[in-house]
Amino acid sequence: MRDERYDHYPQLEIDLGKLQENLAALQERCQVSGIKLAGVVKGFTAIPEAAKVFDRTGLDSIGSSRLEQLKRLRLSGVKTPLMMIRVPMRSEADQLVQWADISLQSEISVLQATEEAAARAGVGHKVILMADLGDLREGFWDREELTSAALAVEREMPHLELLGVGTNLGCYGTIQATPEKMEELISIAETVEAAIGRRLEVISGGSSSSVRMVLDGTMPKRINHLRVGEALLLGRVWGCDMPFLHKDVFTLRAEVVEVKTKPSVPVGELSVDAFGRTRTFVDRGRRRRAVLAMGRVDYGECEDLIPREPGLIILGASSDHTLVDVQNTVRHIQVGDILEFDLCYATLVYLSHSESVQPVFRRDGQPQ
């Protein structure tokens, strides 16, 4: 009997076999450099069927920025230690110690709340203190404050274990992850080690943007941990293609609901679109256009979609419709046809969050 899920569009297909191969390939290369991986699953909203591939691969931990995702993973049977990769809210301390084994932290008051929650629950909790190296997102800016927090965890918070220090680069301030930045993080770690009188277990050198240094051999030796999502999921990050990884783990499919020849410039007095934006249009004359049954509420920005259909041009989108030029496609596009797209990271996040997008799974070419 045919699975009705595969007849529902828009559809996000996840190739579990290719995902597993990506995990194994990158993990192998990191292990050669003595680096453990936290596999980040927020990019696909921690869909359990895909997250369990991470669980079977022997990663050091599985990370997400949302506690509800970590809760779902634990309740679905995931055994790998779970890491909260967004610095936690003080108000969620009780849920943090219930569903996460490790958290990234940058405020002494939140550390104290985490200690109190762990004491109430009778559990231990591991923390990595984040250092801001210039990207200006989360992390201690003042090195003395970070060292003071480390001493407080070590000496005054018996239910917390200071696992190490870490940083994040590129996600807000666009600061590149470089060997020099990693050396700065190592220097911070050594200052903490001198203060607490022991060696830290983890120096976490960032996210997918740091993988390039592992591959080109420039990662400083004391960096022994990375938190990686995008590279594993898409097989690439900005400025670093990874030819040994699959680029098509994820496929977006959408159905054509209208095909007509129309002018390429709207007719009438221009105003703003459904999102209050003014737009400009290029007059290419009358063109064959298709409308797809998906829109910006499903995937974010249509400019981030990557068509697989040769000759297709993305024109724009409203909340629930995507407009594409099919004048010069190799295939003669008709109503009812299914068009496929590759994805960037932001698009994948939106799609996996949308209740209107059906996730389906494949392994070795077969539906799962």
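The values are calculated or read from the model by the stated rules, or taken from the named source; none is laboratory data. Keep in mind that this is a model prediction, so the values were computed, not measured. Ideal geometry is used to build each Cβ from the backbone, glycine not excepted, and the neighbour counts take in all protein chains shown. Accessible surface areas use protein heavy atoms only, side chains included; no ligands, DNA or RNA. Shrake-Rupley method; radii C 1.70, N 1.55, O 1.52, S 1.80 Å.
Some notes on this structure:
- Flag if Val202 is in contact with a Cys (Cβ under 9 Å, 6 or more places away or on another chain) and either without any contact (Cβ under 8 Å) to a residue 40 or more places away in the chain or under 25 Å from Ala189 (Cβ atoms) (or both): no
- In segment 326-368, residue nearest to Glu21 (Cα to Cα) [restricted to those that are of a type in the set (S, T, N, Q) and touching a helix residue (DSSP H, G or I) at 6+ places or on another chain (Cβ under 8 Å)]: Gln368
- Residue ID - nearest to Gly336 (Cα to Cα), chosen from residues in segment 289-322 that are open to solvent by 50 Å² or more (accessible area, probe 1.4 Å) and of a type in the set (D, E, K, R): Arg289
- Segment 348-362 - residue that is more than 12 Å from Phe250 (Cα to Cα) and either touching a residue at least 40 places away in the same chain (Cβ under 8 Å) or part of a strand (DSSP E or B) (or both) and, of those, most open to solvent (accessible area, probe 1.4 Å): Tyr350
- Gly124 vs. criteria touching a helix residue (DSSP H, G or I) at 6+ places or on another chain (Cβ under 8 Å), at positive phi and touching a residue at least 12 places away in the same chain (Cβ under 8 Å): no
- Single residue of Gly268, Gly229, Gly239 found to be open to solvent by less than 10 Å² (accessible area, probe 1.4 Å) and not polar (S, T, N, Q): Gly229
- Test: residue in segment 257-264 that is assigned to a helix (DSSP H, G or I) and touching a Phe, Trp or Tyr at 6+ places or on another chain (Cβ under 9 Å): no
- Counted residues, segment 56-84 - those being out of contact with any Leu (no Cβ under 7 Å at 6 or more places or on another chain), under 19 Å from Val360 (Cα atoms) and not small (Gly, Ala, Ser): 2
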